[in-house]
Structure formats: structure tokens, C-alpha cells
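Structure record follows, encoded as C-alpha cells.
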Amino acid sequence: MAELGGGRRGQLTSSGLRPGWTTGACATAGATAAYTALLQGEFPDPVIVLLPQNRQPSFALTSHELAGGRAAAAITKDSGDDPDVTHGAVVHAAVWPGPPGGGVRFVAGEGVGTVTLPGLPLPPGEPAINPGPRAMIVANLRRVAGLAATDPDPDVVVQVSIAAGAKLAQRTLNPRLGIVGGLSVLGTTGVVVPYSCSAWIDSIRRGVDVARALGHDHVAGCTGSTSERVARELYGLPETALLDMGDFAGAVLKYLRRQPLARLTICGGVGKLAKLADGHLDLHSARSRVDVSFLTRLAEQAGATAEVAARVAGSTTALAAIETCAAAGVPLGDKIAQAARDFALEVLAGAPVAVDVVCIDRAGQLVGRSRRAGPGTPARGGE
């Protein structure tokens, strides 16, 4: 009998799709190779990097240069079987010494954007190199330098560039989000999980089947690795009870409608779950958008004044709207979670599945949560 494989890794295996690497993983590889050359005089090629979840991939260098106390290396991005606008882009990282005591400082090179609006994981004025890639780069630089856990970070400047990034960014949401001048450097795990609709939806169904076969009565549909971590921490769920639903909330709900389990937690980024709350089953950014007027109505229902509601109406992201409301004591995040739960129950159409929803920001912090509800479970019930 074949061994049962569930969770995120099991889904990826069953989908038959080849994963790729994020811009953040490529920037990490480039920076690691450059810093190695800066310290040792030679570039490792291929360069091996340490990524979250104990992955240690190797990357071939597209180009490299060491001169004038500055080292640089480039990686050509491979997005696997889910090519996006950055597939084949050349990600370039340069490293040079920084001022003593300055630690690792990040700067945007050509083709990497700069944040100009609030509501994103980085404050305005910062290069659009997200916290996940920053952490991966710092961890690998520390490893190259042989630093102990108690040692301070090395004093270096890391500049990340992406060839043709400004042009590619016009095909993304960056202009609307106030990220100007180029692309964002993204990725919490470094891995691009491929989402062929039919293959990934089938893998979700197999994930439910595995959970049932293993006796799990509670599963969590998660939008990515950060939400999986949060679900594990909140509920103590094993990996085989975690469904990597990505953007396919509808696939989870429709399959559980036919093949119910006792409890479903939906956990994900608030931007995606705001779309679910508004009645969208496909949460991909290219196929559904956050409706700010919908968020404004929810904020008003949650007690927002006319002034606060007007600021919500001018928000560029769901997280920015939540932060505006939180500052005014208005629980918009909880309202989004409740609306998402109620819509999920509509899709389940009376199937014996209790649902609760957890909304998080990019760092994995809770920004909204609903109580559990479903057939036989009052909406005001506990966990």
C-alpha cells in the first residue's frame, strides 16, 4: 500500500508540478556568493544557500564581478512550472562594506521598487525587499561570516537589482500599491509553489482525503506557508491536516460540501480573505480584487465614523484599511473574518462543517478572527 502523504509537501508531490525559486531566494543566492567572494576572494559557483524549512538549494551564477572592494553576482530566476512575469529575470546582488555598527543595510538597485505608501510590510522610503528575503539574506551572510548567534550582524550594504524590473513591474500590482521604480523582492520560504488550476485543485482534494484517512476531523485551508505556521501554532494541527489551498478557496469549500469533515479553519492573508468575504472563491490577484467600497461598508457596520470610513475608502490595501480602523478602535479585521466565514458557510450549503476564519498580515500577526459557526454551532460559540 502506498504511503499516505499530506500537507503542503504532499500536495506538491501529488500535483506533479516542478517548484521554482522566488526573487527573494535568487537575491539571497546572489548576495551569498558576492559576500563569500568579498571575504575569500573567490565566488562559489554554484552557490548553496540555506532557506527556511531546511532547504539547501544550489544556484548557478549568471555573472559575477569582484573589484574595488565590492562584489556582485547574478542569478537567472527559474519559476518552475508556474512561470510568472519574473520568470527568466536576472536578479543581481552587490555587497560592499558598510559603516561600523550599521549591520546589514538594504538598498534598491535598478529595477527594484521603493515603497511610497503605508499599509505594506515596509515603511515608505524603504526598498521593496520584503522582510522574508531580508531575513534569508542576513541569515546566509551570517553563515558565510561564521558568526555565532550572539554576534552582531556583519556591517555591509546589500544592493538588489532586477534587469528590466521597472518594465516588468507595470504588469504587476506594484504601481497601484505605491511601489515605484520596479519590482518587489518577495518570498517567505524562497520556493515558488506552482498552481496549475486542475493539478492543484486535485491536490487539495487528495489532501482532504488523506486527512480523513488519518482520522483528522479538523483541517485548515491556508493561503501559504506563513498561514500554515499560524494555524499550527493556534490549533496544534499536524502537517497532514494543513491544506495548501493557495488562491483556491472554492476548491476546498466545494469538496468539503461533498465530502465533509467536522471542522474547517480558513487562515490567510487579510487581502485574500477580504476577497472571500466579498464573495470571491478564486483569490488570485489577477482574477479578483479587494473592493475598497466593500471594506468601507464593513467598517461602517463595525462602528467607523464618517471620517474613518472616508480614510478606509482611500486605502490602497486591505491591511492599510485595517490599520486605519485599528487606530480608531474599529475591529474591521474581525468583521472581515466574520464575513468570510459567513460566505464560506453559504458555499458549504448546510454541509455538517463548522467554520472559523483567521486573518493575518504578511508577518503572520493576527489582524482579524471569527468565532466558529456552522450547522449546530451558534455563531457566538467558542473555539
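For residue 240, the requirement of being touching a residue at least 12 places away in the same chain (Cβ under 8 Å), of a type in the set (Ser, Thr, Tyr) and not in a helix (DSSP H, G or I) is not met.
Between 23, 32, the distinction of being within 25 Å of the chain's Cα centre (by Cα), modelled with pLDDT under 95 and crowded, with 22+ Cβ neighbours inside 10 Å belongs to 23 only.
Considering the range 255-276, the residues that are of a type outside the set (Val, Ile, Thr), within 24 Å of the chain's Cα centre (by Cα) and assigned to a helix (DSSP H, G or I) include one that is farthest from residue 319 (Cα to Cα), namely 276. Whenever a residue of the range 143-154 is at negative phi, its partners that are loosely packed, with under 14 Cβ neighbours inside 10 Å and in a loop (DSSP other than H, G, I, E, B), lying with C-beta atoms within less than 6 angstrom and at least six residues away or across chains, give the pairs 153/103. A residue that is touching a Phe, Trp or Tyr at 6+ places or on another chain (Cβ under 8 Å) and part of a strand (DSSP E or B) occurs nowhere in the range 37-46. Within this structure, residue 31 fails the test of being more than 24 Å from residue 225 (Cα to Cα) and either part of a strand (DSSP E or B) or in the same structural domain as residue 97 (by TED's automatic domain parsing) (or both). Of the residues in the range 55-71, at least one is modelled with pLDDT under 95, farther than 23 Å from residue 151 by Cβ and either charged (D, E, K, R) or in contact with a Lys or Arg (Cβ under 9 Å, 6 or more places away or on another chain) (or both). When the range 130-162 is filtered for residues that are part of a strand (DSSP E or B) and touching a Gly at 6+ places or on another chain (Cβ under 8 Å), the ones remaining, listed by number, are 156, 157, 159, 160, 161, 162.
The values are calculated or read from the model by the stated rules, or taken from the named source; none is laboratory data. Every value quoted in this text rests on a predicted model; they were computed, and no experiment measured them. Note: ideal-geometry Cβ built from the backbone for every residue, glycine included; neighbour counts use all protein chains shown.
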